[in-house]
Amino acid sequence: MKKYNFNAGPSILPQETIDNTIKAIQNFSGTGLSLMEVSHRSKEFQAVIDEAEALFKELLNIPEGYSVLFLGGGASLEFCMVPYNLLEKKAAYLNTGTWANKALKEAKLFGEAIEVASSKDANYSYIPKGYTIPADADYFHITTNNTIFGTEIHEDMDSPVTLVADMSSDIFSRPVDVSKYGLIYGGAQKNLAPAGVTFVIVKDDILGKVSRTIPTMLDYRTHIKDGSMFNTPPVVPIYAALQTLKWLKALGGVEVMYKMNKEKAALLYAEIDRNKLFKGTAAQEDRSLMNICFVMNDEYKDLEGDFYKFATEKGMVGIKGHRSVGGFRASTYNALPKEAVEALVACMQEFEKQH
């Protein structure tokens with residue numbers, strides 16, 4: 001039976017990313033060595049990291065004066081690296097969910113870090129509006145897509161201070177005006193590669209402004225200077241990321257991807273809104289294109305376990321909602337084909353007919 005992968009991360013990857021990486025694990029670039037054992041200093045791997053960096057810049061139209069880094073540690077390490085490198089007097093954070101909250105917690109270790117606005121009062125079901133970004137903050141941090149609660153910031157905002165964004169789960173899903181950001185980071189395991197590599201896009205001139213001493217490994221300037229090679233980089237995930245970037249370019253880039261993502265999301269949200277058994281959990285205007293969260297309508301609550309079992313038997317993988325929210329979550333990342341969403345919609349319609 002065909003499986004449809006709705007996992008939230010590690011998540012679905014393009015089939016050609018998987019196939020090409022398997023081939024390279026067996027014999028990388030004609031070297032007769034596995035990608036897993038090749039030197040990261042070899043000219044063959046240097047070509048991989050150079051091309052991945054170039055495609056990042058091309059696909060996102062990254063302006064001059066920005067560096068692209070491939071690091072370890074996941075987005076969770078960036079929660080500490082950002083304030084380590086940027087927080088001198090005060091940092092401001094928008095609290096839109098679990099990961100935004102964790103980023104704020106880390107920043108508090110380095111100085112004053114304030115919560116500008118939060119949607120915790122409604123279990124993070126909306127993106128706060130009408131707040132003021134403090135002009136005396138060193139930076140303003142946002143999490144553009146909230147995987148657990150299914151909300152997303154759909155526009156690149158104007159900020160009076162350096163804007164920092166965790167884009168772990170929506171990078172390359174829509175066009176981004178990188179010039180509005182000082183730093184963008186994210187774990188790769190949702191829209192780019194298997195877990196193990198973290199991407200960072202950083203404006204060079206925002207660095208070197210803090211008075212604290214930064215440990216060598218945690219200083220972005222170290223990694224810029226050594227081209228992401230200060231220590232052994234995660235070679236296999238970077239290679240896989242390059243395959244995904246090539247796949248994305250061949251499709252037509254982020255504009256095409258954005259159109260496809262909107263179509264997939266519209267299809268599933270329409271069914272959630274129509275089907276008498278289900279209801280969405282996120283505010284309409286803030287609904288994520290990447291993580292679509294829904295629950296059973298109140299009068300059908302007792303059918304939740306039955307639907308999960310039914311959907312699983314139909315080949316739907318990873319649709320259980322996060323333990324902190326319950327219900328269901330369909331992660332519709334870039335590599336998920338529209339056919340998977342159509343299959344889930346058909347499954348929901350069939351279950352409705354039975355009840």
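The values are calculated or read from the model by the stated rules, or taken from the named source; none is laboratory data. Note that the coordinates shown come from a computational prediction; the quantities given were computed from them, not determined experimentally. Note: ideal-geometry Cβ built from the backbone for every residue, glycine included; neighbour counts use all protein chains shown. Calculation scope for accessible area: heavy atoms of the full protein, side chains included, ligands and nucleic acids excluded. Shrake-Rupley method; radii C 1.70, N 1.55, O 1.52, S 1.80 Å.
Scan the range 275-288 for residues that are more than 16 Å from Y124 (Cα to Cα) and either within 18 Å of the chain's Cα centre (by Cα) or part of a loop (DSSP other than H, G, I, E, B) (or both) and jot them down. Scanning the range 275-288 gives N275, K276, L277. With respect to the conditions (1) among the hydrophobic types (A, V, I, L, M, F, W, C); (2) in contact with a helix residue (DSSP H, G or I) (Cβ under 9 Å, 6 or more places away or on another chain); (3) within 30 Å of E342 (Cα to Cα), L218 falls short on a single one, namely (3). With respect to the conditions (1) surrounded by fewer than 18 Cβ atoms within 10 Å (Cβ to Cβ); (2) aliphatic (A, V, I, L, M); (3) more than 22 Å from P175 (Cα to Cα), V235 falls short on a single one, namely (1). Checking each residue in the range 318-329 for being touching a residue at least 40 places away in the same chain (Cβ under 8 Å) and either under 21 Å from L248 (Cβ atoms) or surrounded by fewer than 16 Cβ atoms within 10 Å (Cβ to Cβ) (or both) picks out only S324. With respect to the conditions (1) outside any helix (DSSP H, G or I); (2) farther than 21 Å from M167 by Cα; (3) β-branched (V, I, T); (4) within 20 Å of the chain's Cα centre (by Cα), V236 falls short on a single one, namely (1). When N334, N291 are checked against the criterion of being buried (at least 18 other Cβ atoms within 10 Å of the Cβ), within 22 Å of Q189 (Cα to Cα), of a type outside the set (K, R) and touching a helix residue (DSSP H, G or I) at 6+ places or on another chain (Cβ under 8 Å), a single residue qualifies: N334. Return a yes/no flag: does the range 49-69 have any residue that is open to solvent by 20 Å² or more (accessible area, probe 1.4 Å), of a type in the set (G, A, S), free of Cβ contacts under 8 Å to residues at least 60 places away in the same chain and at negative phi. Yes: the range 49-69 contains one or more residues that are open to solvent by 20 Å² or more (accessible area, probe 1.4 Å), of a type in the set (G, A, S), free of Cβ contacts under 8 Å to residues at least 60 places away in the same chain and at negative phi.
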